1. Among the listed residues L31, L37, which satisfies the condition of being within 16 Å of I116 (Cβ to Cβ) and among the aliphatic types (A, V, I, L, M)?
2. Could you go through the stretch 85-98 and let me know if any residue there is at pLDDT 90 or above and either part of a strand (DSSP E or B) or open to solvent by 80 Å² or more (accessible area, probe 1.4 Å) (or both).
3. Would you be able to say whether some residue in the stretch 73-83 is modelled with pLDDT under 90, more than 30 Å from P134 (Cβ to Cβ) and open to solvent by 80 Å² or more (accessible area, probe 1.4 Å)?
4. Within the stretch 46-55, is there a residue that is free of Cβ contacts under 8 Å to residues at least 60 places away in the same chain, open to solvent by 70 Å² or more (accessible area, probe 1.4 Å) and of a type outside the set (K, R)?
5. I'd like the residue in the stretch 101-111 that is more than 20 Å from the chain's Cα centre (by Cα) and open to solvent by 20 Å² or more (accessible area, probe 1.4 Å) and, out of all such residues, is nearest to H22 (Cα to Cα).
6. Of P144, P123, which residue is at pLDDT 80 or above, closer than 30 Å to H22 by Cβ and either touching a His at 6+ places or on another chain (Cβ under 8 Å) or outside any helix (DSSP H, G or I) (or both)?
7. Out of the stretch 26-44, which residues are open to solvent by 70 Å² or more (accessible area, probe 1.4 Å), in contact (Cβ under 8 Å) with a residue 24 or more places away in the chain and part of a loop (DSSP other than H, G, I, E, B)?
Amino acid sequence: MIIRVSEIPEEGRTVGVEECPHPFQDPEWALESLSLLVEKDKDNVLVRGRIRSRVPLTCSRCVEPFLMTVEAATDARFAPRPGRTEEVELSPEDLEVDFYAEDLLDLARLIETETILRLPMKPLCQENCRGLCPGCGGNRNQSPCACRVKLPDPRLEVLKSLGDRFHSR
C-alpha cells in the first residue's frame, strides 16, 4: 500500500487490513490484523501500531511445516530521502529513521519488514519438540523410536582420535 505523504491529514490516518490486505511478497503469508496510525511531523512521517500475521514455517528440529502467528508492535519514523548530491552527516538518532522518496511511503514494505524481524531464527513447531531420531530419522513427536544403537556424535570424532593417540604412547 502506497500513501502520498502530502495527502496525510493533520489528524493522521488510520490504516487497517481492509486498505492493505496482501502486503507480503509470499502469497502464503497472511495478514490477520492491522492497526496503524500514520501521522505527519513536518516532513517526517510517524507510523505506530500493531501487526499480526500468520506465516508458514518449517520446524528446525522435526522438519515439519507449521503455521506461526507473528505479532509486532511498530513505532517507525520516516524522513524524505536526501538528494544524492547532498552530503549528510548522520547522528545516532538518524540510525532509527527510514526514508521515503518522491512523496510516497510504502506501508506494505514496513509491514513485511516488521513481520520478518519478529520471526525466530530457529522456529519450533512446539516448545517441547522432540525432533528426529539420529539413527533412523523418524519423527519422535509422532511415534517413539525403537532404535537401540547410539550413534557417536560425528562432531566429537576429532577428540576420539586425539584420545586414541595419547593412549597409544
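The values are calculated or read from the model by the stated rules, or taken from the named source; none is laboratory data. Note that the coordinates shown come from a computational prediction; the quantities given were computed from them, not determined experimentally. Cβ sites come from the backbone with ideal geometry, for glycine too, and all protein chains shown count toward neighbours. The protein model used for the area step is the full one, side chains on, heavy atoms only, and it has no ligands, DNA or RNA in it. Shrake-Rupley method; radii C 1.70, N 1.55, O 1.52, S 1.80 Å.
1. Of the residues listed, the single one that is within 16 Å of I116 (Cβ to Cβ) and among the aliphatic types (A, V, I, L, M) is L31.
2. no
3. yes
4. no
5. L104
6. Selected residue: P123, the only one of P144, P123 that is at pLDDT 80 or above, closer than 30 Å to H22 by Cβ and either touching a His at 6+ places or on another chain (Cβ under 8 Å) or outside any helix (DSSP H, G or I) (or both).
7. E28, D43
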